[in-house]
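All remarks here apply to the structure that follows.
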Amino acid sequence: MATETVKGSRAGQFVRQPEPPQPGEMAQTPREIEGPYFRLGAPMRSNLLEPGDKPELVLSGRVLNEKGVPIPGAIVNLWSSDAVGNYDMIGYKYHGYQVADADGLYEFTTIIPGAYEPREAKHLHVKVQGNSSPITTQLYIEGEPRNELDDYYSSDLLVLVTEDSNGTKHGTYDFIIKQVTDRENVTPESLAARV
């Protein structure tokens with residue numbers, strides 16, 4: 001495994017990054033810290049809006065393997081703070097997951113979260129898994145102030161956006177993850193047990 005870190009190895013926190021791509025492979029999505037707010041049990045839903053919210057961001061994209069092949073059934077789990085930077089630690093406000101379709105596509109409608117101390121940038125937390133180890137990363141939204149001042153910001157995780165006539169931003173981000181092979185992930189006993 002590679003040991004280079006993303007910007008923001010602040011306070012001694014290192015995030016192991018994937019190996020550089022081999023010939024014919026795409027670079028894998030950079031990893032970032034999970035933060036303290038991930039919770040198991042989020043509902044399967046694409047609309048993360050709460051009552052009274054207006055849609056501020058429609059995020060869509062694909063989950064692909066390192067060869068650029070879509071991964072049907074991959075899980076994309078997204079969570080963020082509310083508009084003023086608070087995370088819901090009791091329920092699942094601004095938490096949800098999607099199962100990528102046959103073409104590896106996912107989509108979420110949500111707000112643009114608030115920034116909070118000590119973070120400068122507004123960001124979305126994401127976990128992705130599809131016949132792979134889960135990866136954890138964060139996405140940043142083009143045009144939001146203070147992106148570059150954030151210790152964890154990476155331009156490789158910037159979602160480029162357009163804005164529609166209602167003021168809703170639309171952005172696309174494709175996650176590239178390495179799938180494991182049978183040779184890498186099973187014992188002879190577990191392979192024999194497959195039906």
Practice task
Pull up the range 92-112, narrow it to residues that are of a type in the set (Val, Ile, Thr) and not in a loop (DSSP other than H, G, I, E, B), then point me to the one that is surrounded by the most Cβ atoms within 10 Å (Cβ to Cβ).
Solution key: Thr110
Fill in the blank from the handout: Checked Lys127, Lys122 against criteria (touching a residue at least 60 places away in the same chain (Cβ under 8 Å), open to solvent by less than 80 Å² (accessible area, probe 1.4 Å) and charged (D, E, K, R)); the one match is Lys127
Practice task
Could you pull out the residue among Val84, Val126 that is hydrophobic (A, V, I, L, M, F, W, C) and part of a strand (DSSP E or B)?
Solution key: Val126
Practice task
Collect the residues in the range 1-18 that are open to solvent by 60 Å² or more (accessible area, probe 1.4 Å) and at pLDDT 90 or above, keeping them in residue-number order.
Solution key: none
Exercise for the section: Scan the range 41-63 and report the pairs whose first residue is farther than 26 Å from Gly73 by Cα and open to solvent by less than 60 Å² (accessible area, probe 1.4 Å) and whose second residue is assigned to a loop (DSSP other than H, G, I, E, B) and among the small types (Gly, Ala, Ser), with Cβ atoms within less than 8 Å and a gap of 6+ or a chain change. Expected result: Glu56/Gly167
Practice task
Answer yes or no as to whether Gly24 is closer than 30 Å to Thr168 by Cα, over 14 Å from the mean Cα position of the chain (by Cα) and either at pLDDT 90 or above or not in a loop (DSSP other than H, G, I, E, B) (or both).
Solution key: no
Exercise for the section: Identify all residues within the range 78-115 that are under 18 Å from Glu56 (Cβ atoms), charged (D, E, K, R) and without any contact (Cβ under 8 Å) to a residue 60 or more places away in the chain; write none if there are none. Expected result: Asp82, Asp88, Lys93
Practice task
Could you give me the residue pairs with C-beta distances under 9 Å whose first residue belongs to the range 135-146 and is within 14 Å of His170 (Cα to Cα) and at pLDDT 95 or above, whose second residue is buried (at least 18 other Cβ atoms within 10 Å of the Cβ) and among the acidic types (Asp, Glu) wherever it lies, and which are 6+ apart or on separate chains?
Solution key: Tyr140/Asp150
Exercise for the section: With respect to Val63, determine if the residue is of a type in the set (Val, Ile, Thr), within 17 Å of Gln129 (Cα to Cα) and either modelled with pLDDT of 95 or more or in a strand (DSSP E or B) (or both). Expected result: yes
Completion exercise
Exactly one of Ala83, Ala74 is farther than 19 Å from Lys178 by Cα and surrounded by 14 or more Cβ atoms within 10 Å (Cβ to Cβ), and that residue is Ala83
Handout entry: In the range 166-195, the residues that are modelled with pLDDT of 95 or more, open to solvent by 50 Å² or more (accessible area, probe 1.4 Å), within 23 Å of the chain's Cα centre (by Cα) and polar (S, T, N, Q)
Key = Thr172
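The values are calculated or read from the model by the stated rules, or taken from the named source; none is laboratory data. No experiment lies behind these values; they were computed from the predicted model shown. No Cβ is skipped: glycine too gets one built from the backbone with ideal geometry, and neighbour counts run over all protein chains shown. Surface accessibility is based on the protein's heavy atoms, side chains included, excluding ligands, DNA and RNA. Shrake-Rupley method; radii C 1.70, N 1.55, O 1.52, S 1.80 Å.
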